[in-house]
Amino acid sequence: MNEVAFLAWVRGIGFQIALGIFIVGMVVRWLEIFLLGKKHDYSAPKGSAVQGAIHTIFSRSIPEKSTWQRSRVQIVTGYVFHVGLLLIILFLTPHITLFREFLGFGWAGLPNSVVDLIAVITMFALLVALVRRLQDPVLRFISTFQDYLVWTVTFLPLLTGYMAYHHLGFSYPTILGLHILSVEILLVLFPFTKLMHAITLFIARGFNGATAGHKGVQA
Amino acid sequence: MSNASFSRGYQALKAQIDAPIAAYFSSCVHCGLCAEACLFFTETRDPKYTPIHKLEPLRKVWEQEYTLVGKLKAWFGLSTPLHDQELADWQEFIYNSCTLCGRCSLVCPVGNDLSYMIRKEREGMVAAGHAPDGQISAAKRAITVGSPMGVKFPALQAQIKHIEKDTGFIVPVNQVGAEYMVTLSSMEIMNYPEYLEALARIFKHAGKTWTLCSEAFEATNTGIQIGSSDIARELVSRLVNAAERLQVKTLVSPECGHAYTAIRWEGANLMGKAFTFKVQHILEVLEELRQQGKLKTEGLETARMTFHDPCQLVRRGGVIDEPRNLLKTVAQNFVEMEDAGKMNWCCGAGGGVGAIEQAHELKTRVFQRKISQLDAIKVETVVTACANCRITLEEGFEAYNREMPVLGLTELIAQHLVEEPATENAHE
Ligand code: SF4
Ligand code: SF4
């Protein structure tokens, strides 16, 4: 397959396959969780479970004081790459063009040079996260193959995107094709790995907050 | 607990997994932040005490039984099924180094309720026969004798007589129609008889009717601690039957955190129906009486004091303001520890850890957390509201050579009650 055909494939069939697996996977995972159900709580409530759930869905994004004091580097690194990824996905002009194609509407992007800088910072934060995973005794101890796999498939779209923008390494169609392919790998793995937390964390926080709210505790 | 076997344990673990647990395992990003929430890690720096690691057996069962990926992995021989030795090895994590304090559940950024899961994981451990011996025998005593420490009613009766003789207060037993049915923990009967005396004083002062029940005075629930719903249900049903028979309005949980969780939150679910009576912790009762103006106190403690929040009260019960409001009415120099309230650090021996012999050294080691918290504020007295915290604090201070009186809040309040002239005459 030459580079033009490769690019066409990842843009066409490849993308459709990835999106298909992503959507089916998400439905499967959703069912896997909710079909398990939850027993009715007969204890007399002391507070509102619904309010507790809503509260925790938001409040858990802010670290509580003693955690912040004990794990600053970890928390800052986490924030930086999450915010960075979000900004790049949503506010890079070529991405917005794509969204416009799919959704029928778009929004204003950030200047390319700004996104470029954000990409560098984000990659740096991810590298810090990786080094910490390898060095910190707790992180090294609890990490599994999946943690490194997920790190890699998160890092690759950034790296290939950066290389495509700066015309590094490969011919433009090839590196663009690789960039799209890396995103497709991410999409395929998303429902079946911890990447899924991007969705399920709201469910988890909701359940935790509901339990706490029912007991009159602000979680 | 009889006929425990691995396959029963496995089935029990499988049965415990619900939608919240699936959401929690799906969300864990292995960030490791829960480690710094757990005093068993912070005081030892040993990664094996990371809370999420304690859940590995349950996670395995979840993945292999309830996820497509887990099934595929097993199919291709990429994962090993859970085996008995693994459960045996995990006793150290699921019991010895977890007090179910709930701190990790408030810290995890994706919102995982880790202590909820560890509590459930214990159900599988009991069914597989891997609960610690100390806890198993305590649970057996609770079922056969009626109390985990082997305290029988005659022992309590002797104490009641003693109190009535010394103070002139009446300690009612089996009074039908009383407003409050009071329960105790064996620890209070054995080590802190002052508690019952304090109650007698308080209820008299407040003009409230109350009673003990001769068949259900023990409120601690070893079934909850060990993780056996069957035992827990049997123990809770004794209290429920007693409260219904005596037609009381409110069942009062003693100064014991897990007793409160057992009867207040798990009780109705174990019985499978809502209670017809209210359940309150003694501190909630006291605070209500205070707000109604029925607790008149006099005199202030001058010592520099702090309050140690029992985990189950703050993190699993929302009882945060009550002890502070109460303590401030009788203490002049009340100061807070760092992280006081919702994020207070566990004493290190709740959740049944205190009953596990093999955990003794570890529990003493992690008490360093409390010592650090207290050293920072230089107090002279610690007040708490849980008999188990109290004994742990006392033993901890002894191990660390600290002179530090530990008081129960209920007794402290009772000591400061204004004596009504009329009742005073009656006593003398
Ligand atoms: S804090 Fe939560 S997400 Fe992080 S490792 Fe622990 S359980 Fe997993
Ligand atoms: S509940 Fe408490 S003791 Fe148990 S793992 Fe969590 S923080 Fe540690």
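Assorted remarks:
- The mean sequence distance of close C-alpha pairs (under 8 Å, at least 6 residues apart), as a share of the length of region B:270-428, puts its relative contact order at 27 percent.
- Qualifying chymotrypsin sites (Phe, Trp or Tyr not before Pro) in region B:75-126, DSSP loop, other Cβ atoms within 10 Å at most 12: B:F76
- 3J(HN,Hα) couplings calculated from phi for region B:129-145 with the Karplus curve 6.51 cos²θ - 1.76 cosθ + 1.60 (θ = phi - 60°) are, in sequence order, x, 10, 6, x, 3, x, 6, 4, 6, 4, 5, 5, 4, 4, 6, 7, 8 Hz; Gly and Pro show x.
- Relative contact order (%) - region B:50-155, alpha-carbon pairs under 8 angstrom, separation at least six: 21 percent
- Normalised Debye scattering of region B:188-311 at q = 0.13, 0.19 Å⁻¹ gives log10 I(q)/I(0) of -0.59, -1.16, counting only Cα atoms as equal scatterers and leaving out solvent.
- Sparse-neighbourhood loop sites, trypsin sites (Lys or Arg not before Pro) in region B:1-80 - DSSP loop, at most 11 other Cβ within 10 angstrom: B:R45
- Rh (Kirkwood; distinct C-alpha pairs) - chain B, Å: 22.4 Å
- Once the Cα atoms are used to define both axes, helix B:56-66 deviates from the longest principal axis of chain B by about 60 degrees.
- The value given for the protein assembly as shown is a Kirkwood hydrodynamic radius of 26.9 Å, derived from the mean inverse Cα-Cα separation.
- Anisotropy class of chain A from Cα gyration tensor, a/c 1.5 cut: prolate
- B:E218 long-range amide H proximity, modeled H, under 5 Å: B:L184
- When exposed loop sites are taken as trypsin sites (Lys or Arg not before Pro) in a DSSP loop with at most 15 other Cβ atoms within 10 Å, the longest stretch of chain A clear of them is A:40-219.
- Using θ = phi - 60° in the Karplus curve 6.51 cos²θ - 1.76 cosθ + 1.60, the 3J(HN,Hα) couplings for region B:227-244 round to x, 10, 4, 4, 5, 4, 5, 4, 5, 5, 5, 4, 5, 5, 4, 4, 5, 6 Hz; x is entered for Gly and Pro.
- Amide H contacts under 5 Å for B:Q247: B:G177, restricted to partners 5 or more places along the chain or on a different chain, H placed in the peptide plane at 1.01 Å from N.
- Region A:1-129 shape via C-alpha gyration tensor axes, a/c threshold 1.5: oblate
- DSSP bridge pairs, the protein assembly as shown: antiparallel proportion in percent, nearest 5: 5 percent
- Only alpha carbons enter this Debye calculation for region B:301-415, each as an equal point scatterer, and the log10 of I(q)/I(0) it gives at q = 0.10, 0.13, 0.23 Å⁻¹ is -0.26, -0.45, -1.44.
- Taking a ≥ b ≥ c as the square roots of the Cα gyration tensor eigenvalues, region B:3-131 comes out oblate, since a/c reaches at least 1.5 and a/b does not exceed b/c.
- When each of A:K46/B:K342; B:K54/B:K140; B:K60/B:K363; B:K296/B:K328; B:K165/B:K208; B:K165/B:K204 is checked by Cα-Cα distance, pairs over 18 Å: B:K54/B:K140; B:K60/B:K363; B:K165/B:K208
- Put simply, the amide H of B:L407, placed in the peptide plane, has neighbours under 5 Å in B:V382, B:V383, B:T384, leaving out anything fewer than 5 places away on its chain.
- At most 16 other Cβ within 10 Å, DSSP loop - chymotrypsin sites (Phe, Trp or Tyr not before Pro), region A:27-81: A:Y42
- In order along region A:15-20, the Karplus-derived 3J(HN,Hα) couplings, from 6.51 cos²θ - 1.76 cosθ + 1.60 at θ = phi - 60°, round to 5, 5, 4, 4, 5, x Hz, and Gly and Pro are given as x.
Here, each number is a calculation from the coordinates, and none is a lab measurement. What you are looking at is a predicted structure, and each value in this text was computed from that prediction instead of being measured. So basically every Cβ, Gly included, is an ideal-geometry build from the backbone, and we count neighbours across all protein chains shown.
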